[in-house]
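A single structure is presented below for examination.
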Amino acid sequence: MATELEEVLQFLSSPSPQVKKAAVDIVRDLTGSENELKALAHYSETVLASLSRLLGEKKEISEPAAKALVNLSQKPDISKEMVEKGMTPIVMETLYRQDPDIIRLLVMLLVNLTQLEEGVMALLQTEIEKMQGLYVMKLVRSFCTSSSEKIEDPFEHVGLILINITKVEKGRKYLLDPKRGLLKQIIRQFDSTSQLRKKGVCGTVRNCCFEADKQLHHLLLVSEYLWPALLLPVAGKKVYSEQDTSKMPPEIGTALSIERESVDDPEIRIQALEAIYLITLQEAGRRALWSVNGPKILEIGYEDEEDAKVMDAYERVGSLLVQGTEIEETSSESK
């Protein structure tokens, strides 16, 4: 005899919209409880198949289905099963046919799925040569063309997906490919007023900088956008003198010559400093930083900083710059 839970799951496939609506609401509520999540996990194959079919229906049914899937995907074992069962293409095919509330939920589902390497590979479509990167390209385009100034910003969590993608070497290489021009588009979103977007951009750039030893040239190809995104968050609050800004490119100097809002999130400042550190591990990276008067910016920013962890990140870069200068001076003298 079927249990009460099994009967509810059967109703997810009911031809009656009212019955289906009632069933999916119950399942959504069950996924909000740790104990009930464990119970649902025993029926994961049925639950995932039924909920994924409901994503394309009207909002009153697809929204609770999407919420349930987001909650379920927080469990690594279930998230892995979702990837294996082909949830990524289902989400991507549904994403652009739904309203903003459901788009937001589906993007959050992709955030959870891409916390697994298998989920990253599924989104990169590594097994389909002619389709590789198409999903990512679509998401980047949506991230960069949807406005954070609107009340609804359904694609703002895409920045977190990009962070997850760039934790994997294939993901970093894909975004760094200059022919695609994706990194430049992403970095320009740092001007957004959304802290979530800023965090997504900064974390993505920081991860891409792990390729600096092999792809520094590709990073510096977008230096017009890269340096402002990395240096302005760590520049402190003071208005810079004309003497200092005259040694900077206009996109940095102009911003620092006037009063501005500081970046309050210490995590963003740390990520920016870690990215600068990775770049300046390379001699060409140090030269590039000096060319925009970066060390002066870091010096002034450090004086304003109050967070101990951020100060540690400043000091790490500063130590590297001092060592780099000494090495270059020694090399010059030996010649």
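The values are calculated or read from the model by the stated rules, or taken from the named source; none is laboratory data. All values reported here derive from a predicted model rather than from experimental measurement. Methodologically, a virtual Cβ is constructed for each residue, glycine included, from the backbone with ideal geometry; neighbour enumeration extends over all protein chains shown. To get the accessible areas, we keep the full protein, side chains included, count just its heavy atoms, and leave off ligands, DNA and RNA. Shrake-Rupley method; radii C 1.70, N 1.55, O 1.52, S 1.80 Å.
For region 65-173, treating each Cα as an identical point scatterer without solvent, what Debye log10 I(q)/I(0) comes out at q = 0.09, 0.15 1/Å?
-0.20, -0.58
Follow-up question, since we're still on this one. Send over the Kirkwood Rh of region 1-48, from the inverse of the averaged 1/r over different Cα pairs, rounded to one decimal Å.
Over region 1-48, the inverse of the mean reciprocal pair distance is 10.9 Å.
With +1 on each Lys and Arg Cβ and -1 on each Asp and Glu Cβ, and nothing else charged, work out how big the dipole of the chain is about its Cα centre, in Debye to the nearest 20. Before the final figure, lay out each step's value.
Details: 41 positive and 53 negative charges, 229 e Å.
Dipole about the Cα centre, nearest 20: 1100 debye.
Tell me whether region 225-268 comes out rounded, prolate or oblate; compute the Cα gyration tensor, take square roots of the eigenvalues as a ≥ b ≥ c, and use a/c under 1.5 as the rounded threshold.
oblate
Could you name the lysines whose alpha carbon sits less than 27 Å from that of LYS237, not counting residues in the same chain fewer than 8 places away?
LYS184, LYS198, LYS199, LYS247, LYS296, LYS309
Which whole-percent values make up P(r) of region 214-326 when all C-alpha to C-alpha distances are grouped in 5 Å steps starting at zero?
Answer for region 214-326: a P(r) of 2, 12, 25, 25, 21, 12, 2, 0 percent.
Right, something else. Within the set of other residues whose C-beta is less than 13 Å from the C-beta of VAL70, count the net charge using Lys and Arg as +1 and Asp and Glu as -1.
Values: positive: ARG28, LYS67, LYS75, ARG104; negative: GLU63, ASP101.
Here the charged neighbours net out to +2.
Tell me the mean residue ellipticity at 222 nm calculated for the chain from its helices only (DSSP H runs of n ≥ 4, each -39500 (n - 2.57), averaged over every residue, nearest 500).
Computed ellipticity for the chain at 222 nm equals -21000 deg cm²/dmol.
Further question: Of all accessible surface on the chain at a 1.4 Å probe, what whole percent is carbon and sulfur? It would help to have the intermediate numbers written out before the result.
Details: 8290 of 16780 Å².
Of the solvent-accessible surface of the chain, carbon and sulfur hold 49 percent.
Step through the table entries LYS21/LYS67; LYS170/LYS214; LYS38/LYS80; LYS67/LYS167, compare each Cα-Cα distance with 23 Å, and write down the pairs that go over it.
Beyond 23 Å: LYS67/LYS167.
Something else: Contour minus end-to-end for ASP191 and SER33, with contour as 0.36 nm per residue of separation and end-to-end as the Cα-Cα distance?
This chain segment gains 53.0 nm when fully extended.
Applying the Karplus parametrisation 6.51 cos²θ - 1.76 cosθ + 1.60 with θ = phi - 60° to the phi angles of region 298-312, what ³J(HN,Hα) value in whole Hz is obtained for each residue in order, glycine and proline being reported as x?
The phi angles translate into 5, 5, 5, x, 5, 5, 8, 6, 10, 7, 4, 5, 5, 4, 4 Hz.
While we're on this one: Considering amide H positions built from the backbone, and no H for Pro or chain starts, which residues 5 or more places from GLU57, or on another chain, come under 5 Å of its amide H?
Under 5 Å from the amide H of GLU57 lie the amide H atoms of SER62, each far enough along the sequence or on another chain.
So what does log10 I(q)/I(0) come out to for the chain at q = 0.10, 0.13 Å⁻¹, using the Debye formula with one equal point on every Cα and no solvent?
-0.67, -0.96
Here's something else I'd like to know. Give the peptides 54-62, 116-124 in descending order of average Cβ contacts within 10 Å, highest first.
The packing order, highest mean first, is 116-124, 54-62.
Moving to a separate point now. How much accessible area per residue does the chain have, counting only protein heavy atoms and a probe of 1.4 Å, in square angstrom?
Ligands and nucleic acids excluded, the figure is 50 Å² per residue.
A further question follows. One quarter of the convex hull surface, Cα atoms only: what value does that give for region 1-138 in nm²?
One quarter of the hull surface, i.e. the mean projection, equals 8.4 nm².
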